[in-house]
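Visitor: If you scroll down you'll find the structure; I have some questions about it.
None of the figures in this text is laboratory data; all of them are computed from the coordinates on show. It should be emphasised that the depicted structure is a prediction, and the values quoted were computed from it without experimental measurement. In this analysis, Cβ positions are derived from the backbone assuming ideal geometry, glycine residues included, and neighbour counts consider all displayed protein chains.
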C-alpha cells in the first residue's frame with residue numbers, strides 16, 4: 001500500500017512511503033520518488049515491550065540529508081502507534097548524528 005504522507009510533507013515532498021510486512025514481527029518502509037526506490041527502513045516490532053527497533057536503514061547517497069530517514073521512521077511510528085528505540089548497531093555516522101539531534105522528531 002503506497003501513501004503520500006501529508007504530515008511529513010515539509011521533509012518528504014514528492015516522496016511516497018509504503019509499508020511491507022516481511023515476516024512475523026519484521027517490517028520495512030520503502031521510500032520512493034518517481035517510482036525509484038531511494039530509501040529503506042527495516043525494523044522489528046518488539047514482542048516484549050511496546051517499541052520498534054531498526055535493523056537496516058538505507059538512503060541512497062544522492063538523496064541523503066533531505067529528511068527521508070526521518071520520514072521513514074515517522075511513517076512507521078504512525079502506522080504502529082509506537083516509538084523507535086535507538087539501535088547503535090545499525091547506525092552510520094549520519095544516523096548517529098540524526099539520533100543525537102535535539103530536533104529529532106521520532107523515537108524515544
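Visitor: Short version: what are the Cα gyration tensor semi-axes of the chain, square root of 5 times each eigenvalue, largest first, in whole Å?
Guide: Semi-axes, largest first: 19, 17, 13 Å.
Visitor: Ranked highest first by the average count of other Cβ atoms within 10 Å around their residues, in what order do 15-21, 34-40 fall?
Guide: Details: 15-21: 16.4, 34-40: 13.9.
Put in order of decreasing packing, that is 15-21, 34-40.
Visitor: OK, next. Do the sum for the chain: with -39,500 (n - 2.57) for every DSSP H run of n ≥ 4, divided by all residues, what is the mean residue ellipticity at 222 nm, to the nearest 500 deg cm²/dmol? It would help to have the intermediate numbers written out before the result.
Guide: Numbers: 3 runs with 25 residues, N = 108.
Taken over the chain, the calculation gives -6500 deg cm²/dmol.
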